[in-house]
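Remarks on the structure that follows.
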């Protein structure tokens, strides 16, 4: 009897790979997106974090590049995946390598934090079929005509709303102009896909305009209830001058006796993230950082990779990050997300929450803040239609305030 993935016409070798991770049932968004991409449709889709968006586009598009499909005979870069951060690009590259194990397809990663000469040498040596990269580095290499995109068949914009944000839209637009100009010159249609947990009508229209695609089908998943049904939302009051101490006390209370936790700590600014990390480490808490610019000593790409690897493998239990650095990351087993401020919009709050409660598990989102932050959180609670539970720390335990 054919599996559910096989009924979606996913190639059998991919189905076998998925079973190694005990993935046997497609998610709602995968059931909706895979058939449309199999039909060569342009698709923009949105789904809650942790619902399998990456496999939703990789499974059908990679399948089109393997025999007996015509795209298999085309040489050069056939598939381009654009993502906003080093961490997300690295994660996507890992999923590519996992699915492509045993095939002849080759992939490469092009990101701004790596020596460009080394990347150019790697391009010449490996001759990849698939490239994952961020807009700026891809644009630089495309302008130098070192990134050959004449035979491009498929393009994906992952975390698409971020790619058309104010700080990234110029690079994204300029890169797309080069891509589309090449496509017109070669009379070639490029199947275009875009996804994010927080895509909406406004950034959909902005994306269409930026990438010069006339039409795309918009698909929305029914999985958004994860935010309300799988995640508990807590609020812990703390004056700003005591916030770091409250964070340390909370981490201790969450861990309890010999209990393993995996906690992601968010703050909006890189300099604050750096300061928080140094204070945790000063108090002998095993923590690492995932952020870019942080004063005079920004974390390098290798530092960020080492921090992420340590967090993934469990050698550290606490990772301090900014919103941009952790955007779109799929890190298994995060039990708690702790926010040291309330972000300015609901989308950022949703992305923070989405680092926990992945793959059907439950999670906890905790906000630590003063009166101003609590007012902002109350407004967020109404906007997102979630229930935030007040909590307090009492003699090393997490309790409900007596007034509750």
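The values are calculated or read from the model by the stated rules, or taken from the named source; none is laboratory data. Predicted model, so just to flag it, every value in this text is computed and none were measured. All Cβ positions, even for glycine, are placed from backbone atoms using ideal geometry, and neighbour counts span all protein chains on display.
Mind checking which residues of the stretch 355-403 are part of a loop (DSSP other than H, G, I, E, B), more than 27 Å from residue 53 (Cα to Cα) and out of contact with any strand residue (DSSP E or B) (no Cβ under 6 Å at 6 or more places or on another chain)?
Filtering the stretch 355-403 for residues part of a loop (DSSP other than H, G, I, E, B) gives 355-362, 370, 385-387, 395-396, 400-403.
Right, trim to more than 27 Å from residue 53 (Cα to Cα) and you get 370, 395-396, 400-403.
Result: 370, 395, 396, 400, 402, 403.
If I filter the stretch 48-55 for residues that are part of a helix (DSSP H, G or I) and modelled with pLDDT under 95, do I get at least one hit? Yes: one or more hits.
In the stretch 347-404, the qualifying residues are those that are surrounded by fewer than 19 Cβ atoms within 10 Å (Cβ to Cβ) and at positive phi, and the one that is farthest from the chain's Cα centre (by Cα) is 395.
Residue under question is residue 86, and the condition is that it be assigned by TED's automatic domain parsing to the domain that holds residue 139 and under 22 Å from residue 191 (Cβ atoms); does it hold? It is false that residue 86 is assigned by TED's automatic domain parsing to the domain that holds residue 139 and under 22 Å from residue 191 (Cβ atoms). Which residues, taken from the stretch 206-236, are crowded, with 17+ Cβ neighbours inside 10 Å and touching a helix residue (DSSP H, G or I) at 6+ places or on another chain (Cβ under 7 Å)? Selection gives 207, 210, 211, 216, 219, 221, 223, 227, 231, 235, 236.
Okay, residues lined up against (1) at negative phi; (2) outside the structural domain of residue 111 (by TED's automatic domain parsing); (3) modelled with pLDDT of 95 or more:
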| position | (1), (2), (3) |
| --- | --- |
| 272 | yes, yes, no |
| 275 | yes, yes, no |
| 298 | yes, yes, no |
| 307 | yes, yes, no |
| 314 | no, yes, no |
| 327 | yes, yes, no |
| 342 | yes, yes, yes |
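I'd like to verify a number: residues in the stretch 82-110 that are touching a residue at least 60 places away in the same chain (Cβ under 8 Å), closer than 26 Å to residue 15 by Cβ and in a loop (DSSP other than H, G, I, E, B), how many? Within the stretch 82-110, residues that are touching a residue at least 60 places away in the same chain (Cβ under 8 Å), closer than 26 Å to residue 15 by Cβ and in a loop (DSSP other than H, G, I, E, B) number 4. Filtering the stretch 19-51 to residues that are buried (at least 21 other Cβ atoms within 10 Å of the Cβ) and more than 15 Å from residue 218 (Cβ to Cβ) leaves 26, 27, 30, 34, 48, 49, 50, 51. Among the helices (runs of 4 or more DSSP H) confined to the stretch 111-203, the ones with at least 3 residues that are at pLDDT 95 or above, surrounded by 14 or more Cβ atoms within 10 Å (Cβ to Cβ) and not assigned by TED's automatic domain parsing to the domain that holds residue 305 are located at 135-143, 169-185.
Residue 76 satisfies every condition listed in (1) touching a residue at least 60 places away in the same chain (Cβ under 8 Å); (2) in a helix (DSSP H, G or I); (3) surrounded by fewer than 16 Cβ atoms within 10 Å (Cβ to Cβ) except (2). Scanning the stretch 204-233 for residues that are farther than 26 Å from residue 139 by Cα and in a helix (DSSP H, G or I) turns up 223, 224, 225, 226, 227, 228, 229.
Selection over the stretch 1-46 of residues that are in contact with a helix residue (DSSP H, G or I) (Cβ under 8 Å, 6 or more places away or on another chain), in contact (Cβ under 8 Å) with a residue 60 or more places away in the chain, under 19 Å from residue 154 (Cβ atoms) and not in a helix (DSSP H, G or I) gives a count of 3.
Give just the number: which of (1) in contact with a strand residue (DSSP E or B) (Cβ under 7 Å, 6 or more places away or on another chain); (2) under 15 Å from residue 90 (Cβ atoms) does residue 312 not satisfy? Residue 312 satisfies all of (1) in contact with a strand residue (DSSP E or B) (Cβ under 7 Å, 6 or more places away or on another chain); (2) under 15 Å from residue 90 (Cβ atoms) except (1).
Being part of a helix (DSSP H, G or I), surrounded by 18 or more Cβ atoms within 10 Å (Cβ to Cβ) and in contact with a strand residue (DSSP E or B) (Cβ under 6 Å, 6 or more places away or on another chain) is true for just one of 253, 288, 273. Which residue is that?
On the way: 253 fails: surrounded by 18 or more Cβ atoms within 10 Å (Cβ to Cβ); 288 fails: part of a helix (DSSP H, G or I).
When all the criteria are applied, what remains is 273.
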